[in-house]
Structure formats: C-alpha cells, structure tokens
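Okay, structure first, notes after.
The values are calculated or read from the model by the stated rules, or taken from the named source; none is laboratory data. These figures come from a predicted structure and were not determined experimentally. Positions of Cβ are generated from backbone atoms using ideal geometry, with glycine treated the same way; all protein chains shown enter the neighbour counts. Keep in mind that these areas ignore ligands, DNA and RNA; they rest on the heavy atoms of the full protein, side chains included. Shrake-Rupley method; radii C 1.70, N 1.55, O 1.52, S 1.80 Å.
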Amino acid sequence: MLHKKGVHSCIALVCLRVEDRYHTAILLLFLDQQSTNPSGSSGINAEYGGVKISYSHETEPLGTAGPLALARDILDDGEPFFVLNSDIICEFPFEELLKFHRSHGKEGTIMVTKVEEPSKYGVVVYDQATGRIQQFVEKPQVYVGNRINAGIYIFNPAVLHRIELKPTSIEKEIFPKMAEQQQLFALPLEGYWMDVGQPKDFLAGMSLYLTNLKSKSSDLLTPSGPGIVSPVLIDPTAVIKEGCVIGPNVTIGPNCVINSGVRLRDTTILEGVTVGANSWIKSSIIGWQSSVGKWVRMENTSVLGQDVHIADELYINGGKILPHKSISTSIPEPEIIM
C-alpha cells in the first residue's frame, strides 16, 4: 500500500462531470487512519482554476468500482461523467470521447490503447466498425487483438445501479456484464499512453509527455539554449546557476535551486529541492524539500521521498529512500531505505 511508503493519501479515481464542460471534479480518495479527510464529508468544498472539487472519503478500500457507489449522491444527476485512473498519462481526448459516447447512447465507453505484447495484458475484443465490446480476454496465448483498457471511461448514471457499496472490481465484475448486455463500447486512444504507477514507468511517462510537448512546439517547455537540452520543463521560480547542463527529459518544480556545474537528465525534481554543485543525476526522482549534496552521483531509478538529505560525495545507485531520512553513506546497489 502506498501509505506504508510515506504517501498518506492516494487519489484512486478522478471523476469529471460533463455538465458545464468539465467544471466539476470529484476526487474519490482512500485515506489511511493517520490522514485527515480534506473535506469531512462529501460535497463541493474546494475550487482550483475555476474547477469545483468535491471529495468522497473512502474509509476502507472499495476496489475500482465501489468508490463510484460511495459517490452516487454526487454522480447520479442525469449527466454522463468521466472516470480516470490516476496513474496514467496521455492527452486525454475528452471531447472526442464524449462525442463518441453520446453517438451510441449506451451505458459506458472505455478508451483502449495499443500494446506490442498483448499476451501480458487483458485484451479488449471489440467490433472495429461499431466499437461494441464483445469480450475481455486475460493474457491471451493466441492473438485476439492488441488493444487494452487505457483506464479512461465515460458512463451514464445508469451504471451506478450495477455497483453495490462493497469492494468491487470494475474491470472483472462490472465490465464483462455490461459487454454481455451490449452496453459497453470501446474507442481507440491515439498518441502516447503510459501507466506511471512505478518509478521507472513514471520517468518513461514524463519523457513521453515532454516529447509530445516538443512535437507541438509548446510554450510550456523551457526554450533550448546554453545548458538546456530539450525537452525540459522548468518552473519560473527555480534557480539554475551557471555551468549546468539540464536535459533531455527533465522537469524541475517550483522553488528549486540547482547549483553550479550540475548535470541532470531523465529526471524529475519536485518542489523545494536543492542540488549541490557538480552533482550528476540521471533517471531519478527527487522528492519535495529534499537536498542532494555536492559531487553526488545518482542514477538507475533512484527515488528520494519527501525531506530526504544526501550528504556530499556519495553514490546512489537505484536507492529507494523513504521520507525524512538523512543519508551519509553511499548506496552502491539498489536498496530500499526504510
């Protein structure tokens, strides 16, 4: 469980209301006993960027379908709603998905993405002409298709009456019944897609996202120039000192300080991080308010949790370091530091 590794709350699903062009978001949360419910009860209780945010507090894990039943009083208003797995990244073509969903008029639509090795996944078999899902085949040993569930759905409220308020898998218990009753359709997702639930995949997903921005000449990217190897995304509040080489595939969050002579590539630096002079960091994730000393070498999908501090002149090779730790010796082989 993520909360045992220092993450105190996890957004399991994000629901977006179609009404008012996605101006309402419902976060379905599982919070451990040490966490504080951000709302105290279900209902609209926050706003961000003009989007109203409601929380539905899940006091025990309810699987991938149960949280929808828990939030029934928010979602069952006659309008379709989106449901997204929170550990994926893509371009999220909501307009296209909504249009297709309304065109067939059935209870649900899921987006499907193409994979090179379908035998590793559950494959969605559907009518190529209409999109109607015929069946789901788990890890097929013979070829039946190469499209898998992308974790992006849109449902009519009628789907809520299929789900009881108990731990339930939407993929294994709800979708097969909907397909059998011809109430579930598939829409192919074009472009990049990645499940970013693991550190290595997170970094790969970040690279896909930045590469996609670069292909569109997005203004979000930091312009290439001396010491910047595109694609790179640097918050305007970050301080990059002289002699650094940043990129490719680097994101640097707010209020970071990257001292002189630092080399970063294929790395995420979260808010409030300080990196000491002449350190070399590749394929790593540096958590909030952490610090990396001078002349440190870090690589091989190393991950620092929040408030982790690495002393000068250390080598971190695939270290996974939980929050609030100070590291004074090298980690020469991949290891989890509790």
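Taking the 1.4 Å solvent-accessible surface of the chain as the whole, the part contributed by carbon and sulfur is 52%. The residues of region 179-338 expose, per residue, 47 Å² of accessible area to a 1.4 Å probe. By the Kirkwood approach, averaging reciprocal distances over each pair of separate Cα atoms, region 43-156 gets a hydrodynamic radius of 16.2 Å. Pairs from the list Lys282/Lys320; Lys200/Lys294; Lys241/Lys320; Lys120/Lys172 with a Cα-Cα gap above 18 Å: Lys200/Lys294; Lys241/Lys320. Considering only Leu160, Gln183, Ala311, the residue lying farthest towards the positive end of the dipole of the chain is Ala311, judged by Cα position with unit charges set on Cβ.
Its Kirkwood hydrodynamic radius, worked out from the mean inverse distance over all distinct Cα pairs, puts the chain at 21.9 Å.
Considering only Ser302, Ser207, Ser224, the mean-square fluctuation computed in a Gaussian network model of the chain, springs between alpha carbons under 10 angstrom, is largest for Ser224.
In the assembled protein chains, Arg72 presents an accessible area of approximately 70 Å² (probe radius 1.4 Å). Cut-off 12 Å, label point 7 angstrom out along Cα-to-Cβ of Glu96: give me the residues of region 145-174 whose amide nitrogen falls inside. Within reach of a label on Glu96, which here means backbone N under 12 Å from a point 7 Å along Cα→Cβ, region 145-174 contributes nothing.
Computed over the chain with a Gaussian network model linking Cα atoms closer than 10 Å, the most mobile of Thr109, Thr301, Thr64 is Thr64. Packing, taken as the mean count of other beta carbons within 10 Å per residue, orders the peptides 281-287, 197-203 from highest to lowest as 281-287, 197-203. Note on the chain: dipole from Cβ charges, positive end direction compared against Pro61, Trp288, Gly108; the farthest Cα belongs to Trp288. Ranking Trp295, Trp288 by solvent-accessible area of protein heavy atoms (1.4 Å probe, all protein chains present), from largest to smallest, gives Trp295, Trp288.
The orientation-averaged projected area of the convex hull spanned by the Cα atoms of region 241-319 comes to 3.9 nm². Ranked by the mean number of other Cβ atoms within 10 Å per residue, highest first, peptides 84-93, 151-160 order as 151-160, 84-93.
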